[in-house]
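Read through the structure below, which is laid out as structure tokens, and then see the notes.
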Amino acid sequence: TAGKQIAFRFVSDGTGKTACDIGCRDGWWSNRLKENGYQVKSLDIKPQYPGALRHDVETGLPYDDQTADLVWCTEVLEHLRDPAKFLVEIERVIKPGGLAVLTTPNSNWWLYWVLRLWGWSPKKLQNPDHKQFWSERMIRTLASGYEIYGYFPYAFRFWRIKRLIGPLSPT
């Protein structure tokens, strides 16, 4: 998605660094991270990527403390029963000065407001496995202290934004 592409702009050269791709599924992002020079540890609850670890992150992360320079985790938070516990785990495995990049759908995006007029809620429209339906306020509460970004996907151009994420950004 465009949101993941924009999030990937935060990823710098990974030469000599380790990245964890949490929720890697088919490994597309694991491969992008490898192309950026990272040594990548990939995991998913249902991996389709050779060499990825099959693991349920609800039980914690299977990594030692402060072993990752980068944690890449896209479209996972909304599937978790306890995302706050998961963020504590990310903070445990990331090295000081490391970077965590996470994305999740924004269930308070303006299009959902319109669709609600016809009875179409985010719960009806998103993946049936979603346990969380995030608004900007909810994600800011969960990720207090993190920088939060959205993107503005209009007129065939995508801008990273820090304000009005709730109504303007789908992710």
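The values are calculated or read from the model by the stated rules, or taken from the named source; none is laboratory data. Treat the numbers as computed from the prediction; the structure is a model and nothing was measured. With ideal geometry, Cβ positions are generated from the backbone for all residues, glycine too; neighbour counts draw on all protein chains shown. The area values use the complete protein model at the heavy-atom level, side chains included, leaving out ligands, DNA and RNA. Shrake-Rupley method; radii C 1.70, N 1.55, O 1.52, S 1.80 Å.
Quarter the surface of the alpha carbon convex hull of the stretch 1-129 and you get the mean projected area, 8.4 square nanometres. Amide H contacts under 5 Å for Leu99: Leu70, Val71, restricted to partners 5 or more places along the chain or on a different chain, H placed in the peptide plane at 1.01 Å from N. The helix-only estimate of mean residue ellipticity at 222 nm for the chain, built from DSSP H runs of length n ≥ 4 each weighted as -39500 (n - 2.57), is -7000 deg cm²/dmol after division by the residue total. All C-alpha to C-alpha distances of the stretch 63-171, sorted into 5 Å bins beginning at zero, yield P(r) values of 2, 11, 19, 22, 19, 14, 7, 4, 1, 0 percent in whole numbers. Measuring only protein heavy atoms, the 1.4 Å probe finds Tyr151 accessible over about 20 Å². Spread over its residues, the convex hull of the C-alpha atoms of the stretch 1-57 is 80 Å³ per residue.
Net charge of the neighbourhood of Ala52, taken over other residues with C-beta under 12 Å away and scored Lys/Arg +1, Asp/Glu -1, is +1. Relative protection proxy for 73-79, 101-107, 85-91, from highest mean packing down: 101-107, 73-79, 85-91 (other beta-carbon atoms within 10 angstrom).
The DSSP beta bridges internal to the chain are antiparallel in roughly 25% of cases.
Under the convention that each Lys and Arg Cβ holds +1 and each Asp and Glu Cβ holds -1, the size of the dipole of the stretch 50-171 around its Cα centre is about 660 debye.
How far is the Cα center of the stretch 45-87 from the Cα center of the stretch 120-166, in Å? Using only Cα atoms, the two centres lie 20 Å from each other. For Arg160, the residues 5 or more places off, or on other chains, whose built amide H falls under 5 Å of its own are Phe152.
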